[in-house]
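Heads up: the structure comes next, in C-alpha cells.
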Amino acid sequence: MSFAEKTFLGSLMKAEYLLKDTVVQPEQLESTRHQELMRRMVELKRAGKNIDVITMTTLPDLESFGGISYLMGLLSCADVEKFDGTEKLILDLWKEREKRNILSVAAMNDWEIAKVIAELDKINQMKMEDHTSLHQALADIYEAPWEDQATMKNATTGINKLDEVTGGFQGGEVTILAARPSMGKTDVMLHFAKMTGWGGFLPLVFSLEMPEKLITSRLIASTGGFNRRKLRDPKGLLTQNQKDKWSDVIGDLSDTNIQIFDGAGQTIAEMRAKTRKMMHQFPNKKPILFIDYLTLIHSNQFYSGNSHLQVTEISKSLKTMAKDFDCPVICLAQLNRSVESRANKRPMMSDIRESGSVEQDADVILFLYREAYYEKDSTDRSLEIIVSKNRNGPVGTVRVNYNEHTGRLENQNEQSLNVV
C-alpha cells in the first residue's frame, strides 16, 4: 500500500478542512481500500458529520477496512505540513497509471496518434497550482505604485504606439489578428514573432498553411530589406551589397530562437504537446504562440460539418491554452467577403468568420487595413492596425510603415495613434 496514500488519508482525518480543499478524487487513489475510505469520508462530510478517527470508527463495515488499528495506523502517518507535496505525489502517480492505461487501450484499439495525444493531454491538464489567496495577491501588488514595472512581463509588439495601447502581448491572453487576404497578416505576425524573440521570449510559430521554407525566406526578406522576389534566386538576383549583409541577417534571425511547426491540420492538443516540449528545451524562456490561422486548426470533433460549433470549441481551447501556459497566444483569422461590398472597407467585428465565440473569447482583436490595396493610385503606403477590442485598455488605430515587397514593418515617426 502506498505510504503517500496513508499519509494523505491520515492528514484528512487529522485536519478535516483539507477534504474540502483537496483536488484529489477517491478514484485517483491506487488502493481500492483507500478509495472506499475516502468515499466514506466524502459521504460523512456531505451529511454534515466529522471525519475524525472517532466518527470513522462508527462505520458499519469498519472491519472490511482493517478495523480501528488500521485507522490509527493512518493517523500516525499524517503530516499536515507536507500535505501539498503528498497531494501532488498522489496525482503524479495517478497520471502515470492513467498514461499506461491509455497507451494499452490505444494499442489494442489501434487509435490514431491525434486521439492518443488528446487523451494524454487531458490528464496533463489536471493541475493544482491555480490557487491564490486575496491576501497573497494584495501582498504581491502592495509595492506597485513605488516600483518600476518589470520589463520582461509582457512581450513587445515591436510597434511603439501599439505597445502603448495594448501593453504588449500578455500571458494568458489571446490576440486575434484578422484581415482580408493579401493585407499583410503573415508579415505582421512574423514581425511580432521576431520582436518578441529578440525581446527574450520563445516564439513558437504554428503555420498550418505556409511551409517552413517560405516562412524562413519571408523572415530573411523583411529583416534584410530584400525584395521577396529576389529570394527565389538569391545567387542570381541579390546585389553584392545585399550578399554582404546576408550573414548578418542570418545571425540576427538566429538570435530570435523562433521555432516553426508547419504541419497541416494540427490540433490544439498537438500544439500543447509541442509547446510543453519546447518549454522543457528552453526552461528559461517564456513561450509566445503564433498560429496561422484559426479555421485551419483541426478540431477534435467533427460537429457534422457545423463550422460555428467547431470554431467555438477551438476558440475556447486557445483561451484555455493561453491560461494554462500563462503565455500570450496570437492567432490569425480570415475575414468574410462582406468587407468588399462596403464603401468603407475597414473591417468590423462582424466580418470575422463565425465571429461570436471568437469575439467573446479573445482579449485583443486587431484588424489590418491598407488604403493602397484598394486604391491603386494612393500614395499612402501605411498599414493601419485597428485595435477593435482591448480588454485591458483603449481601442483605436495605429499606423505603421509597410513595405509590401519586403514585408518589413516600421514605426511611423509622427504621432500616429488615434485612440477612441
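The separation of the stretch 233-294 from the stretch 38-92, counted between C-alpha centres, amounts to 52 Å. Measuring how big the chain is from its alpha-carbon positions, Rg and Dmax come out at 27.2, 91 Å.
Considering helices alone, the calculated mean residue ellipticity of the chain at 222 nm is -14000 deg cm²/dmol, with DSSP H runs of length four and up weighted by -39500 (n - 2.57) and normalised per residue.
Efficiency by 1/(1 + (r/R0)^6): what FRET value for LYS49 and SER338, r their Cβ-Cβ distance, R0 = 60 Å, to the nearest 0.05? Please list the in-between numbers first.
Working: r = 62 Å, r/R0 = 1.04.
With R0 = 60 Å, the Cβ-Cβ based efficiency is 0.45.
Which FRET efficiency value, to the nearest 0.05, is calculated for LEU93 and ALA139 with the Förster distance at 41 angstrom and r the Cβ-Cβ distance?
Numbers: r = 33 Å, r/R0 = 0.81.
In this case the efficiency is close to 0.75.
DSSP beta bridges fully contained in the chain are about 50 percent antiparallel. Here the stretch 142-250 has an Rg and Dmax of 17.2, 61 Å, counting Cα atoms alone.
The phi torsions of the stretch 183-190, fed into the Karplus equation with coefficients 6.51, -1.76 and 1.60 and a -60° offset, translate into couplings of 7, x, 3, 5, 4, 5, 4, 5 Hz, rounded to whole numbers, with Gly and Pro shown as x. Counting only Cβ charges, +1 for Lys and Arg and -1 for Asp and Glu, the dipole size of the stretch 1-129 around its Cα centre is about 180 debye. When the chain is described by a simple charge dipole with +1 on each Lys and Arg Cβ and -1 on each Asp and Glu Cβ, the residue from ALA15, SER2, ALA106 located farthest towards its positive end is ALA106. Along the axis of the charge dipole computed for the chain (Cβ charges of +1 for Lys and Arg, -1 for Asp and Glu, origin at the Cα centre), the listed residues ALA333, ALA269, SER317 are led at the positive end by ALA333. Please identify which residues in the stretch 256-300 have an amide N closer than 17 Å to a label point set 7 Å out from the Cα of TRP111, following the Cα→Cβ vector. The answer is 267-274, 299-300.
Extension gain for ASP255-LEU309 works out to 15.5 nm (0.36 nm per residue, less the C-alpha to C-alpha distance). Annotation: amide H of ARG408 within the under-5 Å range of ASN403, sequence separation 5 or more or interchain, hydrogens built in the peptide plane.
Approximating the spin labels as points 7 Å out from Cα along Cα→Cβ, the SER31-to-LYS285 distance works out to 4.7 nm. For the chain, the longest principal axis of the alpha carbon atoms and the long axis of helix 32-46 meet at an angle near 90°. Please compute P(r) over all alpha-carbon pairs of the stretch 3-111, binned at 10 Å starting from zero, and give each bin as a whole-number percent. Values per bin, smallest distances first: 14, 45, 26, 11, 4, 0.
Let me spell out the model: positive unit charges on the Cβ of Lys and Arg, negative unit charges on the Cβ of Asp and Glu, origin at the Cα centre of the chain. What dipole size does that give, in debye rounded to 20?
Numbers: 53 positive and 58 negative charges, 230 e Å.
Value, rounded to 20: 1100 debye.
The angle separating the long axis of helix 83-109 from the principal Cα axis of greatest extent in the chain is about 70 degrees. For the stretch 160-419, averaging the sequence separation of C-alpha pairs within contact (under 8 Å, six or more residues apart) and dividing by the residue count gives a relative contact order of 29 percent. What FRET efficiency do you get for LYS345 and HIS405 if R0 is 22 Å and r is their Cβ-Cβ distance, rounded to the nearest 0.05? About 0.50, to the nearest 0.05.
The chymotrypsin sites (Phe, Trp or Tyr not before Pro) of the stretch 228-327 that DSSP puts in a loop, and whose beta carbon has at most 13 other beta carbons within 10 Å, are PHE302. P(r) tail, the stretch 172-328: Cα-Cα pairs separated by more than 21 Å, 50% of all pairs.
Which of ASP252, ASP110, ASP121 moves the most in a Gaussian network model of the chain with Cα springs under 10 Å? Evaluated over the chain, the most mobile residue of the options is ASP110.
Each residue of the stretch 319-335 was assigned a 3J(HN,Hα) from its phi angle through the Karplus expression (A = 6.51, B = -1.76, C = 1.60, θ = phi - 60°), giving 5, 4, 5, 4, 6, 4, 8, 6, 10, x, 10, 10, 10, 7, 9, 8, 9 Hz with x at Gly and Pro. Here the Karplus curve 6.51 cos²θ - 1.76 cosθ + 1.60, taken at θ = phi - 60°, turns the phi angles of the stretch 9-15 into couplings of 5, x, 5, 4, 6, 6, 10 Hz, with x standing for Gly and Pro.
Quick note: the coordinates plus some simple rules give every number you see, no bench work behind them. The structure presented is a predicted model; accordingly, all values stated were derived computationally and were not measured. Glycine also receives a Cβ, built like all others from the backbone with ideal geometry; neighbour counts cover every protein chain displayed.
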